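The values are calculated or read from the model by the stated rules, or taken from the named source; none is laboratory data. As the structure is a prediction and not an experimental result, all values here were calculated from the model. Counting neighbours? That spans all protein chains shown, and the Cβs are built from the backbone with ideal geometry, glycine included. Heavy atoms of the whole protein, side chains included, go into the accessibility calculation; ligands, DNA and RNA do not. Shrake-Rupley method; radii C 1.70, N 1.55, O 1.52, S 1.80 Å.
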Amino acid sequence: MLLTKTNRHVAIGLIVMGLAFVTFAYPSNVQTFLNVIQGLQLTATVSLIYGILKKDPLHKDKFLLFWMVSTAIFFFALVFCSFSYMGEYHYEDFFVVMLILLGMWIAAAAVACFVYLMYQEYIELTQNNRVAGLSLPAANAFNPTVETKENPPPYIAPTSENMTVSIQS
């Protein structure tokens, strides 16, 4: 019961959002960059949860795709921040720096794993939608054929030859 796809998707979205909020503990030189990424990830997680919990599954794949793209941006931000942290010269203990880097890389690996799991669900969902006919590419496609009606009969203007006049007294 707890391991349904809906619960799994919501849990993955909330875990990644939690990892995005943990980035508040990163050094202050990359904090403004991470604040933008956190806002993007919050928007993506809210839209993911809405897309999962809504009744009609027609556009669920689009919500998953938006979440995966924004989470991939978050993943690359985590990798960038870890390399930025490595690039700084630290006077602290070497093992503390390595422990912090290990935590950053584990978080990035977890985000990559969650994106992969959601990608597998996305592929399955799009294949099921194609089989069930839920996606509407034919309805949204431009159809260049134009229906033509039969031409109306030609209009014959009245002339003196086909006009009859009768005088009644």
Checklist entry - Between the DSSP loop rule and a limit of at most 12 other Cβ atoms within 10 Å, which trypsin sites (Lys or Arg not before Pro) in the range 55-134 are left? => result Lys55
Checklist entry - Rank Asp61, Asp93 by accessible area, highest first, at a 1.4 Å probe radius? => result Asp93, Asp61
Checklist outcome for this item: Between the modelled labels at Gln120 and Asn7 (7 Å from Cα along Cα→Cβ) the distance in nm is 1.8
Checklist outcome for this item: Quick tally, 1.4 Å probe accessible area for Tyr50, Tyr119, Tyr85, Tyr155, sorted with the most first, runs Tyr155, Tyr50, Tyr119, Tyr85
Item to check | Within the range 56-130: Cβ-based charge dipole about Cα centre, in debye rounded to nearest 20 (Lys, Arg +1; Asp, Glu -1) | outcome: 300
Next on the checklist: Expected output is a single nm value to one decimal: the length gained when fully extending between Ala109 and Val96, i.e. 0.36 nm times separation in residues minus the C-alpha distance. What is it?
Outcome noted: 2.7 nm
Checklist entry - What order do Leu65, Leu3, Leu78 take when sorted by accessible area (1.4 Å probe), most exposed first? => result Leu3, Leu65, Leu78
Checklist entry - Once the Cβ-Cβ distance between Phe66 and Asn29 is put in as r, and R0 is 30 Å, what FRET efficiency do you end up with, to the nearest 0.05? => result 0.55
